[in-house]
Amino acid sequence: MYMDLRFVDIPKIENDEIFEDLTKALTQASGLYKNINVNGRPGQKQNGVDVYARKQDNSDWIGIQCKVRSTNNPFTKKALLLEVNQAKEFNPKLSEYYLYTTLSRDSVTQGNVREIACDLADENEFSFEVFFWEDIEGMLKQKDYEAVYYRFYHKFFRDNLSLGHSIGKLINLHLGFENKLDSQYDLKIGKIPSHNGEKSRADYYRGSYYITNLNEKRIEFFQKKHDSEKAQCFRSDISAAFPNQVDCYRISKWIESFDVFDDLIYNDTHNYTFYLSNKERAEFDEYYYVEEE
């Protein structure tokens, strides 16, 4: 079902490379262009063009310059001309030139763009237009660009409590030692969002992760580290869900292996394999049996 985004405020992207990727993805999703590419690599001369493509209908070339703005200061005419004049040197010759920016719509910049566009038309050069953040946001809210919105803002909308009081997914996990598999678990792993609304006794679990051992119908909870995006999961935290202590230990280590644990929940991967070395197995056995005694 299509998600109505008309009244959603989409956060601006602050990273140059991610904004460039977003611009390329929007260009691809429009269906108007082919041969869509990023121009060169960081450090190389780009002639004012970050993304280029060919029009589907006549194969003319278009160029796009991407500009992340940390403030809402307008573009001066001098700054715009610097980009435009570089784009004139792009090979092959451009028919259209666009500036995509995170700057909010600005009348001063618009006036400068109109003046430059008129001069370019008199010179029989390419057309010139600026897409401000409101224009980009408007595209992201259209159904044709839904996949782009999902790709760049999946965490933003999936964390919305309208999805329910817990978010999780099914996982098939294989475990082994020294590249030799010996165990398999069907799991459901997820998170319980932090409090947002009426309080209740169940708030004790808010902000927690949960893991369900579907093989044996057992569930346990663990937390996120206070100083990072990693999960903090000791063997003792999930021992009630995994009676086999060796597997319990391996699964806790697997959980802690993700630098950003939310990525495990939100990405599209459902099959995982995790190995420990025989040395780590021996160290666990030594510690566990001493602990049991």
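The values are calculated or read from the model by the stated rules, or taken from the named source; none is laboratory data. All figures in this text were calculated on a predicted structure; none of them were measured in a lab. Cβ placement follows ideal geometry from the backbone for every residue including glycine, while neighbour counts extend to all protein chains displayed.
Within the range 50-68, the set of residues being under 24 Å from the mean Cα position of the chain (by Cα), in a loop (DSSP other than H, G, I, E, B) and not acidic (Asp, Glu) comprises just one member, VAL68. Could you tell me which residue of the range 270-284 is nearest to the chain's Cα centre (by Cα), considering only residues that are in a strand (DSSP E or B) and either surrounded by 12 or more Cβ atoms within 10 Å (Cβ to Cβ) or not assigned by TED's automatic domain parsing to the domain that holds LYS169 (or both)? Checked the range 270-284; the qualifying residue nearest to the chain's Cα centre (by Cα) is TYR272. Condition check for LYS199 on (1) among the basic types (Lys, Arg); (2) modelled with pLDDT under 90; (3) outside any loop (DSSP other than H, G, I, E, B): one failure, at (3).
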